[in-house]
Each structure stands twice: as structure tokens, then as C-alpha cells.
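Have a look at the structure below before the remarks.
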Amino acid sequence: MRLIKLLIIALLLMANLEARQKVNVKFSNLQINDFIKLISKITNKNILITHKINGTVDLVSTAPIYDTEVLGILMSVLESKGYTLVQKGSILEVIRSVDASKHNAQVLIQGKRAKGTFMVTQIIKVKGENVDIVAAKIRYLISKTAKLMTMKESNLMIVTDYPANIETIKRVIKDIDTNNKAIVEAIHISNAEAKKIQLKLQAISKTLFNEKVAGQKVHIVLDGNTNSVVLVGIQKNVDKLKKLIKTLDVESAASNGVKIYSLNNSEAKSVLASLKDIISKQTYSDPTMKPNVSASEEINAIIAIGVPQILKGIKKVIDALDREKYQVYVQARIIEINKKNSEAIGVKYGFNGGAISNGGLYTLAGSFGGTPPSSALFKASGANFGLGAALEFLEQKGASKAISNPSILCVNNKESSIYVGKTISISTGSVTSSTSSIPGVTKSYKRKDVGLTLKIKPRVSSSDKVTLDIETTLENLLDDGSNNISGQPVTSKQKVKTQAILRHGESVIIGGLVKKYDLESVSKVPFLGNIWLIGDWLFSSKSVSAEEDSLVVILTPYVIDKSEKLSKLQQDLGKLSHLQQQYNKKVFKRIEKNGYVDTLFKKADKKLDNMGIKEQKTQKDEILDEESEEE
């Protein structure tokens, strides 16, 4: 009866398979061995049974299934009894599941998709995690009789299981690997100690991330050699700690630091004095925060010890003090003008200046008038051309002589000096020696400078304006000692101290230094005055006249804001000197031709009256040039 039942089921299944490739299967209480035989006929597979499998199987079906799924049902039934099927050529053999890996289970290429019904073996690569940790996490996914082995050296996992299970395992591992892909970043600590930063990050990391989850943990490693911390973890968590490092990487307010500030333009000694003055006037809530500063003259640097915040303020002060300083190039002309000769020149040529003193020089320079060949080099050069011409004119006519034309380069707010003169000896005492066999007198002397001393201290207010503190001292030798009983030289001393505010290239005249002396002169009758004995008595006469010389100092400053501009200034001054010579020739020719320049000015003033612009000097100069050319 049972055999007939099986045949009927088989016939029904075969008929349905041929018609729709699907079968309607529904049975109950069917012996497993009989179920294996039924599946063999449906799938047309040869199945070798070497073990007796007890038990029955029930299948409740409400819809047809494919024939391939029928074989899967058999695998599930066998698996529940601890058995499985393996392919051996054209035969399927029923074996114990635990022995499946020993029966040459098919080995799939790494990365290939696992398909089919029978157990296969595949190698799975784990990239971003420890393979043992991953294996422990996914072990529950494999079947009871599957085999799983790890290889730490290459981070590989070898799995023998059903294809569906293997695909599930691979998908889970892929997600684990993607979500926990670790990166490594080394971050240099610029201001703080890396060790302190590391300790802070470790404490913060425990709060931010769940360290029980391996993928969330960030390893924080100290690199003391480079003062850096190394972060190892997933990108998202590492980025969070990087932001914290930027906040924490500040100089500690509690620890002192040492800074050496090299100076480029100032002396360390003077900068130190300014710093100490500033520090002494500051009050500190914590006395330990008061910085210590010192200077190293050898390397021209300031050494500062203190907390970082205070040192930053000190650096700002040092930077301000160490800026490139203004320099002032001062041209000086020391002129000696004889009163009598200058008066004679004034009378001869009709100059209104009369006796040419410091004020008279301005009047004389204005009388020359005219427009210089070029005044584009310096803003104040036009006025200086007239003054230069006046001085040379006086010197040519014997009314003055140049004592010295020194130049001096001054640093802003630093006093510089010029000395022109001679040194004399003054006796300070004598000692008579009585111990020697030959008694004698030993005299002692001291040296004294007699001449002109000029001291200049510039204060630059802008690249075009400078204030000069000027001090001139004139010492004259009145008697070398031959005309007095003491035998000691007699000197006089005059001092002028003043202040002038000048533009770049503008001149100032310092006067008031007067030297008075008696000049003895001898007049002789030609030929007769040279007769021996009687010539001096009968045909010669002697006279003594009082002479007076004015010593005038003319200063012209040029402001230099950068050192490299000095050479350019010297080139420009050479061009100005050439232009001055051209200007002088033109003016002197006009004076010698006309006798005096007042006539020209009267003509110019008359024309200007008609034009209604009498006081415009520029127009006046142009008219003077026209008049000069006409004459």
C-alpha cells in the first residue's frame, strides 16, 4: 500500500514538473529515507546513502515550488539530523555535516559570489579590523556544522559553510570594515607640552566615545621627540579631537618661557633701558609674573624670561623700538665774513644788506633773485641757490672765506658734533728739582681746544620735516702769552644755543659769533720807503685798525628714512652742486653788467604794479630774467 502511495506522488510530481517546471508537494509523516528517494527521482540525481537516518518529515505546501528548491528542502531535513550532501562527480553522498570540510568541499575564489546548495569553502579578507575580533562577532551567523578559521598574519578568514551563510557573513564584514576604517594623524603641538595635551585628550576621549566599542575608540600616542600627539581611529572621531587640540594648544600662563629677540636697528643696551623703565611702572597681581629682561651686547639681543602672555607684550615693545631709525644728513658751511670788506662790497654793488651778517646774508641772497636751472631735486633748493650764490660772490670779492665745509650723518634723537680748530698748550705749574746734581725746573702743561664746536641733535617729525637742536661754541685765542706778564695764552669763548624746524633740504643760518681783533698795517712811499734806516722813519707810516669778523654757520639737513637712500642723496647733491655753478655764472654776469641789482628790481616792481600782483615772487623772478636778457 505504501509503495503504491509513493508511486502516485511521484507520478503527480513528474507530471507537474514537465508541464510547468514546478511541483506541488504536500506530505506528512513520510520517512526520511523515503523522502530522499523521492527527491532523487524528482531531481534526477543519484544519491548515495551510507547512513541510516531515522525520522519522518512533514511538508505543508499551499503553492508550487521549483525542483531546485526541493533539493534545498532535503538539505534542510538532513541538516536537522546532522547530515548533509556532498557532490562526488555525478553522485550526491549523504555524510555527517561535521565531516563536510573533509570531503573536498568546493573552494571558491576570494571575492567571488557564493551560489548553490552544497557547502563550499571561501577565504574572506578583513581590512580595517582585527580578524579575530571580526570572527568572534560573526561566528553566530555560521551554521552549526560550519567551520571558521582565522589567519592573523594576513588578516584572513577561512569559512566552510553553505553559500547563503557565506554571503551573509561577507555583507556583515563589509559593513564592519567600512564603519571602523582607522586613520593615523600626527599633530604637532606648537605652544604647549605634548604630554599635557595627551593626558587631557585621553580624559576627554573617554567621555566622548564609548571605548567598549572597538571601532569608536581613538588611540592617543605621544611623540616626545617632535612634541606631537598621534591619533589612531576612525575619521569622524579623529576630527573631533583635532578641533580640541587647536583649542588646547596655547601657551601655559603658569609656566615661564625664555625668548631671545635679536635687534636689527637698535642697540640692545638702549632697548633694555626702555624695557626696564616700562616694567618698573607696571603692577602685577601675581609678583611671580613679573618678567626678567637682560641684554646681550655680543649678539645685540634682548633676553626675556616670563610667562607667555607677558612676553608677547614685550615683543611688541621691542618691535616698535627696533624699527629702522630716521637719519639726517647735515651739510654744514662755516663762513667767516669780514665786516669792513662786506660793507665795501655793499656800497660798490648797491646791496641793501649793508654789513653782511647772518641777517644780511638773507637780504643779499634775496637780492640775487632769478630762477635756478632746476629745483626739482629738492623742495627747498630754489631758496638755497640764491644763498649759495651770495656766499660765493662774497668769497670771490674777498669779503669772506670758507673755514670748513663738513658733512655729518646723524641718527634721529642722537647728538652728533663737529669740531674745527686747533689745540694749544697751557702751563699748569712747575716743579724745581733739588735732588739732582744739576738743578732744573720741570713744567707741566694741559692741552686745550680752541676753535668752533658744533653740536647737532635732530628730531624727525616726518619724512619732510626735522627739528634741529643746535649748539655752537666759538673759542678764540686772543693772546698766545707773549703780550702778558704771566706768559699764558688768553682765550675767549662764545656760545649760541638754538632750535630750528626745517624742511628737507632747507637751510638755516646761525650767527652771533663775532671775533674782534686789531690789524696793524704799514704804508710806504714806493721806492723811498725801502731805503735803509731812513725809509721806515721818513717815508713809511704804521696804523692799527679794529677789525671784526662774523662767523656764520649754515646748516642744511636732508631726512633719510631708509639707509639705502643715502647713496641716492649723495648723487643728487652732486647734481645740485653742478646746477649751483651754472646758476652762479648767470647771476654774477648780470651783476657785473648792471653794477647792482636794485635797478632790475625797480623795473620788475613797476611791471608788477601794473599787473596787480606785486608780491608774487615767482612772477618777479620771471620778469627779472626777461630784463636781464634784454640788457
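The values are calculated or read from the model by the stated rules, or taken from the named source; none is laboratory data. As the structure is a prediction and not an experimental result, all values here were calculated from the model. Here the Cβ is made from the backbone with ideal geometry for all residues, glycine too, and neighbour counts use every protein chain on show. Side chains included, ligands, DNA and RNA excluded: accessible areas come from the protein's heavy atoms. Shrake-Rupley method; radii C 1.70, N 1.55, O 1.52, S 1.80 Å.
Quote the relative contact order of the stretch 87-126 in percent (integer), defining contacts as alpha-carbon pairs under 8 Å separated by 6+ residues.
35 percent
At a 1.4 Å probe radius, carbon and sulfur cover how many percent of the accessible area of the stretch 65-122? Numbers along the way, then the final one.
Working: 1580 of 3080 Å².
It is 51 percent, rounded to a whole number.
Rank by packing, highest mean first: peptides 75-84, 296-305, with packing defined as the count of other Cβ atoms within 10 Å averaged across residues. Intermediate values should be presented prior to the final figure.
Working: 75-84: 17.4, 296-305: 15.3.
Listed from highest to lowest mean packing, they are 75-84, 296-305.
Ignoring ligands, DNA and RNA, how do TYR326, TYR162, TYR558 rank by accessible area with a 1.4 Å probe, largest first?
If we order TYR326, TYR162, TYR558 from most to least accessible, we get TYR326, TYR162, TYR558.
Going from most exposed to least, what order do GLU93, GLU267 have by accessible area with a 1.4 Å probe?
Correct descending sequence by accessible area is GLU267, GLU93.
Kindly report, to the nearest 10 Å², the accessible surface of GLU185 as traced by a 1.4 Å probe over protein heavy atoms only.
50 Å²
So how do ARG590, ARG503 rank on accessible area, 1.4 Å probe, biggest first, that is with the largest at the start?
ARG503, ARG590
Expressed as a whole percentage, what fraction of the accessible surface of the stretch 127-227 belongs to carbon and sulfur atoms when a 1.4 Å probe is rolled over the protein heavy atoms?
53 percent
Determine how large the accessible area of SER270 is when every protein chain is in place; take a 1.4 Å probe and give Å² rounded to the nearest 10.
Near enough 50 Å² of accessible area.
Where only protein heavy atoms count, and the probe is 1.4 Å, what is the accessible area per residue for the stretch 116-242 in Å²?
55 Å²
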